[in-house]
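J.: Mind looking over this structure? Questions follow.
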C-alpha cells in the first residue's frame, strides 16, 4: 500500500455498522477492523458489466479481477459521495449512481459494511493506473465463466450474486 493511502483515515464500525472510532487505512487492514465501502456495478447501455483487473500493489485482493468499482470510504464520507468519488477516480467519468441495497461482507482479509450502487455508462473510461491495469465490458455469463479460471475479488462476486438474486443479469 502506498504511504498516502496507508495514512488515509477511515471510520471503524461496530457490528451494527455504527461508527465507534477512526483509524488509518493501514491500521484498519492490519487489524481487520470493520469499515465502510461502496460497490458500483457499472453496466453498458447494452447490459454488459464492466470488469477490471486490479493492480498487483492493491492492499487487498491484488492482481484480481473485480466486477465492481468502488472502495473504502474516508472518515465521515457519505456513501453517495463516496460512490461518485470512486467513479470519478477509478474510471475518470461522472457517474450517476443509483443506490440499491446495503451489503455486509467478511472474510479472513476484511470486514465491510457497504452500500451497493448501479450506474449505466458507455465509456470510454480513463482508468486510474494506480489501481486498474485494464478493463472491459463483458456479459454477466462471461464473468461467471471466467471465475472458474481467473482470480476474482470474492466480495465483488458476492455483490454480483446478491444483485442477480434481486434484479437478474441486466441493469
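J.: For the range 97-165, evaluate the Debye formula with one uniform point scatterer on each Cα (no solvent term) and list log10 I(q)/I(0) at q = 0.11, 0.13, 0.14, 0.20 Å⁻¹, rounded to two decimals.
T.: -0.33, -0.48, -0.56, -1.18
J.: On a full-extension model of 0.36 nm per residue, what is the gain between residue 141 and residue 31, subtracting their alpha-carbon distance, rounded to one decimal in nm?
T.: Once the chain is fully extended between residue 141 and residue 31, it gains 36.0 nm.
J.: Give me the one-decimal nm value for the distance between modelled label points at residue 7 and residue 22, 7 Å along each residue's Cα-to-Cβ direction.
T.: Placing both labels 7 Å beyond Cα along the Cβ direction yields 1.5 nm.
J.: Calculate, in nm to one decimal, what residue 122 and residue 80 gain on full extension: separation in residues at 0.36 nm each, minus their alpha carbon distance.
T.: Value of the extension gain: 13.0 nm.
J.: What whole-number distance in Å separates the alpha-carbon centres of the range 12-42 and the range 103-171?
T.: That distance is 19 Å.
J.: Treat each spin label as a single point 7 Å out from the Cα along the C-beta direction, and report the residue 149 to residue 129 distance in nm.
T.: About 3.0 nm, to one decimal.
J.: Would you kindly work out the equivalent ellipsoid of the chain from its C-alpha gyration tensor and give its semi-axes, the square roots of five times the eigenvalues, largest first in whole Å? Working shown, then result.
T.: Details: eigenvalues 119, 57, 51 Å².
Square roots of five times the eigenvalues give 24, 17, 16 Å.
J.: If packing is taken as the average count of other Cβ atoms within 10 Å, what order do 123-129, 25-31 fall into, highest mean first? Write down the numbers at each step before the final one.
T.: Details: 123-129: 13.4, 25-31: 16.4.
Going from most to least packed, we get 25-31, 123-129.
J.: Continuing with this model, one more query. Helix-only estimate, please: 222 nm mean residue ellipticity of the chain, summing -39500 (n - 2.57) across DSSP H runs of length 4 or more and dividing by its residues, to the nearest 500.
T.: After summing the helix terms and dividing by residue count, I get -7500 deg cm²/dmol.
J.: Something else now. Let me have the relative contact order for the range 46-171, percent, based on Cα pairs under 8 Å that are six or more residues apart. Display every interim value, and only then the final one.
T.: Numbers: 178 pairs, mean separation 42.3, N = 126.
Result for the range 46-171 is 34 percent.
J.: How much length, in nm to one decimal, is gained on full extension between residue 94 and residue 169, taken as 0.36 nm per residue of separation minus their Cα-Cα distance? If you can, show how the numbers build up before the last one.
T.: Numbers: separation 75, 0.36 × 75 = 27.00 nm, distance 2.35 nm.
Residue separation times 0.36 nm, minus the Cα-Cα distance, leaves 24.6 nm.
Quick note: the coordinates plus some simple rules give every number you see, no bench work behind them. Here the structure is a predicted model, which is why all the values come from computation and not from measurement. Every residue, glycine as well, gets a Cβ built from its backbone with ideal geometry; the counts of neighbours run over all protein chains shown.
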